[in-house]
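J.: Dropping a structure here in structure tokens format, bear with me for questions.
The values are calculated or read from the model by the stated rules, or taken from the named source; none is laboratory data. Keep in mind that what you see is a predicted model, and the values were worked out from it rather than measured. Don't worry about glycine lacking a Cβ; one is built from the backbone with ideal geometry, like all the others, and counts go over all protein chains shown. Areas reflect the complete protein model, heavy atoms only, side chains present, ligands, DNA and RNA absent. Shrake-Rupley method; radii C 1.70, N 1.55, O 1.52, S 1.80 Å.
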Amino acid sequence: MSDADLVVADASGLVYPIPPAALRTLLAALDHEFADLAILGRALTHRSWCAEHAGFASNERLEFLGDAVLGLIVTADLFARHRDFGEGKLSRMRASVVCAPALAEMAAELHIGPALLLGKGEDQSGGRERPSILADAMEAVIGAVYVDGGPEAAEALVLPLVASRLDQAGAPDHKSRLHERVAQDPGHQIRYEIADDGPEHSKTFQAVVYLDDEPYGTGAGRSKKQAEQAAAQEAWRRLDPRRGDEPAREEDPDG
């Protein structure tokens with residue numbers, strides 16, 4: 001596709017000046033052939049650009065739509081995939097992939113940032129890497145794909161992006177996984193020793209996990225739970241190095 005074919009304009013002749021190289025990279029990552037590229041142009045238009053360029057509308061309406069589409073796709077996938085999970089666990093798993101940090105990561109994976117239309121001030125202050133802008137743009141792009149290609153096209157975009165994140169969200173935490181592994185060999189016991197350091201308002205905790213009487217893993221964290229999880233992760237990798245990099249749910253940093 002030549003640069004001439006990558007001109008993004010709507011029916012009224014309004015042209016979205018997205019750099020061709022950035023647009024080409026984004027289109028390849030999206031793997032969706034747009035019937036109307038202008039809808040993608042709208043998805044990439046930040047309100048700061050609209051404030052400086054008359055006639056443009058921001059991506060906020062598409063963001064609103066994309067948020068709902070993303071939520072529905074993820075919810076339906078979780079519902080079908082985990083038939084024994086209750087509402088609470090399903091909600092927590094969904095939240096882990098529709099939150100702003102996860103959306104910003106997805107946007108970075110798709111190289112959305114370089115294709116954004118931003119106002120001069122927003123651009124110069126690092127807006128292309130700002131997580132909030134990227135997260136909103138990710139939702140808007142999902143909305144654009146839905147409008148242009150329908151539910152199947154939106155699913156084809158969303159499901160590969162969230163698959164690995166949902167795998168990790170549904171995995172057991174490091175302690176649970178370690179205990180399940182050790183339980184396969186009856187007679188072994190696990191125990192944890194915890195120490196702390198620092199002032200009361202800013203403690204750091206250190207944990208050692210013992211298999212029988214042998215130290216098998218160490219870890220540190222802002223809470224006892226975090227330290228134990230880190231120690232369990234190290235012990236898991238030592239016990240089963242071939243599976244050491246399998247996804248596991250991380251402990252809540254405030255837990």
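J.: Can you say whether A207 is under 31 Å from the mean Cα position of the chain (by Cα) and closer than 30 Å to L117 by Cβ, as far as the supplied structure shows?
T.: Judged against the criteria, A207 is not a match.
J.: Another one. Sort out which residues of the stretch 91-112 are part of a loop (DSSP other than H, G, I, E, B) and modelled with pLDDT of 90 or more, and write them in order of number.
T.: Selection gives H111, I112.
J.: Could you grab me the full set of residues in the stretch 47-62 that are of a type in the set (A, V, I, L, M) and touching a residue at least 12 places away in the same chain (Cβ under 8 Å)?
T.: A51, A57, L62
J.: If you take the residues in the stretch 50-102 that are more than 19 Å from the chain's Cα centre (by Cα) and among the small types (G, A, S), which one is farthest from A11 (Cα to Cα)?
T.: G86
J.: Inside the stretch 173-231, can you point out the residues that are open to solvent by 60 Å² or more (accessible area, probe 1.4 Å) and within 24 Å of K89 (Cβ to Cβ)?
T.: Selection gives H179, E180, A183, K224, K225.
J.: Hey, another quick one. Only one of L44, L65, L40, L72 is free of Cβ contacts under 8 Å to residues at least 12 places away in the same chain and within 23 Å of A100 (Cβ to Cβ); which?
T.: Among L44, L65, L40, L72, only L72 is free of Cβ contacts under 8 Å to residues at least 12 places away in the same chain and within 23 Å of A100 (Cβ to Cβ).
J.: Next up: Among the residues of the stretch 160-182, which ones are in contact (Cβ under 8 Å) with a residue 60 or more places away in the chain, out of contact with any Leu (no Cβ under 9 Å at 6 or more places or on another chain) and over 24 Å from E228 (Cα atoms)?
T.: Passing the criteria: only S164.
J.: Can you list residue pairs whose Cβ atoms sit under 7 Å apart, with the first residue in the stretch 106-131 being open to solvent by 50 Å² or more (accessible area, probe 1.4 Å) and the second being among the polar types (S, T, N, Q) and assigned to a helix (DSSP H, G or I)? Count only pairs 6 or more apart in sequence or on different chains.
T.: Sorted first by the residue in the stretch 106-131, then by its partner, the pairs are H111/T25.
J.: Could you pull out the residue among A43, A68 that is surrounded by fewer than 17 Cβ atoms within 10 Å (Cβ to Cβ) and at pLDDT 95 or above?
T.: Unique residue meeting the criteria: A68.
J.: If you don't mind, another one. Taking S48, is it touching a strand residue (DSSP E or B) at 6+ places or on another chain (Cβ under 8 Å), over 22 Å from L161 (Cα atoms) and surrounded by fewer than 21 Cβ atoms within 10 Å (Cβ to Cβ)?
T.: So S48 fails the test.
J.: Still on this structure, please answer the following. Just checking, which of G170, G221 is at pLDDT 75 or above and closer than 30 Å to V98 by Cβ?
T.: G221
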